[in-house]
Amino acid sequence: MSLVVEVVRSGFVESTHLARVLTMDADGTPVDAHGAVHVPASPRSSMKPIQALGMLRNGLSLEGELLALACASHAGEPYHVDGVRKILAGAGLDESALLCPEDYPEDRTITERARVYMNCSGKHAAMLATCVLNDWPLDTYLEPRHPLQRAVRATVEELTGERVAASGVDGCGAPLFFVSMVGVTRAFRALPLGGPGSLERRVFDAMRAYPQWTSGTNRDETRLMRAVPGLMLKSGAEAFDAFVFEDGRAGTVKIEDGSSRARTPVTVAALRRLGLSGPDLDVLATGVLYGGGRPVGEIRVRP
């Protein structure tokens with residue numbers, strides 16, 4: 001059965017959300033499985049660390065915060081934008097080469113849209129840099145038959161241990177691969193367990209060292225990674241989360257109706273089920289509902 005998330009206002013349950021959840025122990029043994037975790041799902045941007053690994057395997061040489069940015073769904077903060085431009089400049093390109101849609105940054109005082117603000121622009125810049133290194137075409141880098149996308153798909157299938165059940169187009173225009181939550185969890189476990197010096201570990205270490213570069217300064221993803229030292233987490237659209245701890249404990253979360261407000265409380269519950277905790281994590285265990293500018297309720301996993 002799926003987990004139930006309750007939206008409680010003034011003591012009354014006014015809405016509920018259902019959640020699929022899978023957690024695995026350090027040795028890969030399932031701890032909890034709620035809902036249809038074996039059927040194909042849409043991980044969306046949660047797969048960016050695996051996509052970045054595919055690029056590293058094909059010569060991309062990013063390190064540190066710029067590698068974290070290649071895995072990011074960023075907020076378009078100034079340091080994110082500067083980082084995207086650095087990745088492009090390192091490949092002899094500028095932002096005109098990006099094929100992701102134009103967007104606004106999270107800072108709504110900026111009223112002009114640009115591709116560099118789009119939350120996936122770090123991934124797109126890294127894709128372009130990988131193409132330059134391999135002398136692959138730049139104007140078709142988002143096409144499923146492009147050598148880059150074939151290489152990324154091969155990495156996804158290797159780490160998930162599954163054939164891609166279906167493919168589609170993500171919000172940024174890049175190919176989207178549908179695999180099970182079991183496969184996504186398996187892929188995330190491979191990152192910290194790759195061993196010192198491995199490309200897998202490089203991705204894990206970069207995201208851990210620079211969590212704000214993978215999302216934004218004040219986003220829940222950053223707060224969760226800071227609350228649990230040793231945790232790497234990546235969110236995706238339509239309320240998907242995937243995470244792994246440094247010892248291999250891992251999990252995935254999917255809110256069935258795509259409501260992001262339910263995602264963090266469920267993820268905290270999954271982390272706790274794996275024995276991961278901390279005072280700062282407790283703050284994120286429930287979402288706060290407001291009425292008239294003051295707290296009047298919460299979003300919580302049903303006990």
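The values are calculated or read from the model by the stated rules, or taken from the named source; none is laboratory data. In this text, all values refer to a predicted model and were calculated from it rather than measured experimentally. Cβ sites come from the backbone with ideal geometry, for glycine too, and all protein chains shown count toward neighbours. In case anyone asks, the SASA skips ligands and DNA or RNA and just uses the protein heavy atoms, side chains included. Shrake-Rupley method; radii C 1.70, N 1.55, O 1.52, S 1.80 Å.
Do any residues in region 204-221 that are under 12 Å from E106 (Cβ atoms) and of a type in the set (G, A, S) have Cβ atoms under 6 Å from those of residues that are open to solvent by 20 Å² or more (accessible area, probe 1.4 Å) and outside any loop (DSSP other than H, G, I, E, B), where the two are at least six apart or on different chains, and which pairs are they?
That search, which allows pairs on different chains as well, returns S215/E221.
Looking only at region 55-95, count every residue that is part of a helix (DSSP H, G or I) and either closer than 26 Å to D220 by Cβ or open to solvent by less than 40 Å² (accessible area, probe 1.4 Å) (or both) and tell me the total.
Residues flagged as part of a helix (DSSP H, G or I) and either closer than 26 Å to D220 by Cβ or open to solvent by less than 40 Å² (accessible area, probe 1.4 Å) (or both) within region 55-95 amount to 18.
Looking at R163 and the list (1) in contact (Cβ under 8 Å) with a residue 60 or more places away in the chain; (2) closer than 23 Å to T29 by Cα; (3) open to solvent by 50 Å² or more (accessible area, probe 1.4 Å), which single condition is not satisfied?
Status for R163: all satisfied but (1).
State whether one or more residues within region 118-137 are of a type in the set (A, V, I, L, M), more than 19 Å from N58 (Cα to Cα) and in contact with a strand residue (DSSP E or B) (Cβ under 6 Å, 6 or more places away or on another chain).
Yes: one or more hits.
Which members of region 187-224 meet the condition of being more than 21 Å from G83 (Cα to Cα) and over 15 Å from the mean Cα position of the chain (by Cα)?
Within region 187-224, A190, P192, L193, G194, G195, P196, G197, S198, E200, R201 meet the criteria.
Has region 295-302 got at least one residue that is in a loop (DSSP other than H, G, I, E, B), touching a residue at least 24 places away in the same chain (Cβ under 8 Å), open to solvent by 40 Å² or more (accessible area, probe 1.4 Å) and under 14 Å from L3 (Cα atoms)?
yes
Does L281 satisfy the criteria of being surrounded by fewer than 23 Cβ atoms within 10 Å (Cβ to Cβ) and of a type in the set (A, V, I, L, M)?
yes
Checking A52 against (1) over 30 Å from V301 (Cβ atoms); (2) open to solvent by 20 Å² or more (accessible area, probe 1.4 Å), which test does it fail?
(2)
Kindly evaluate T264 against the criterion of being buried (at least 18 other Cβ atoms within 10 Å of the Cβ), without any contact (Cβ under 8 Å) to a residue 12 or more places away in the chain and farther than 19 Å from D25 by Cα.
No.
Among the residues of region 176-232, count how many are open to solvent by less than 10 Å² (accessible area, probe 1.4 Å) and of a type in the set (F, W, Y).
Here the count works out to 2.
On the basis of being crowded, with 24+ Cβ neighbours inside 10 Å and either over 21 Å from A174 (Cα atoms) or of a type in the set (S, T, N, Q) (or both), does T130 make the cut?
yes
For the condition outside any loop (DSSP other than H, G, I, E, B), among the small types (G, A, S) and either open to solvent by less than 20 Å² (accessible area, probe 1.4 Å) or over 20 Å from T286 (Cα atoms) (or both), what is the one hit in G168, G248?
Among G168, G248, only G168 is outside any loop (DSSP other than H, G, I, E, B), among the small types (G, A, S) and either open to solvent by less than 20 Å² (accessible area, probe 1.4 Å) or over 20 Å from T286 (Cα atoms) (or both).
Mind counting the residues in region 257-300 that are β-branched (V, I, T) and over 16 Å from E14 (Cβ atoms)?
The total comes to 5.
Filter region 96-107 down to the residues that are open to solvent by 80 Å² or more (accessible area, probe 1.4 Å) and either hydroxyl-bearing (S, T, Y) or more than 23 Å from the chain's Cα centre (by Cα) (or both), then identify the one that is farthest from C172 (Cα to Cα).
Among residues in region 96-107 that are open to solvent by 80 Å² or more (accessible area, probe 1.4 Å) and either hydroxyl-bearing (S, T, Y) or more than 23 Å from the chain's Cα centre (by Cα) (or both), the one farthest from C172 (Cα to Cα) is S96.
Answer yes or no: is there a residue in region 253-267 that is over 13 Å from S46 (Cα atoms), acidic (D, E) and modelled with pLDDT of 95 or more.
yes
Under 6 Å between Cβ atoms, which residue pairs at least 6 apart in sequence (or on different chains) link something in region 2-19 that is closer than 13 Å to R261 by Cα and open to solvent by less than 40 Å² (accessible area, probe 1.4 Å) with a partner that is in a strand (DSSP E or B) and among the charged types (D, E, K, R)?
Filtered contacts from region 2-19: E6/R300; V7/E14; V8/E298.
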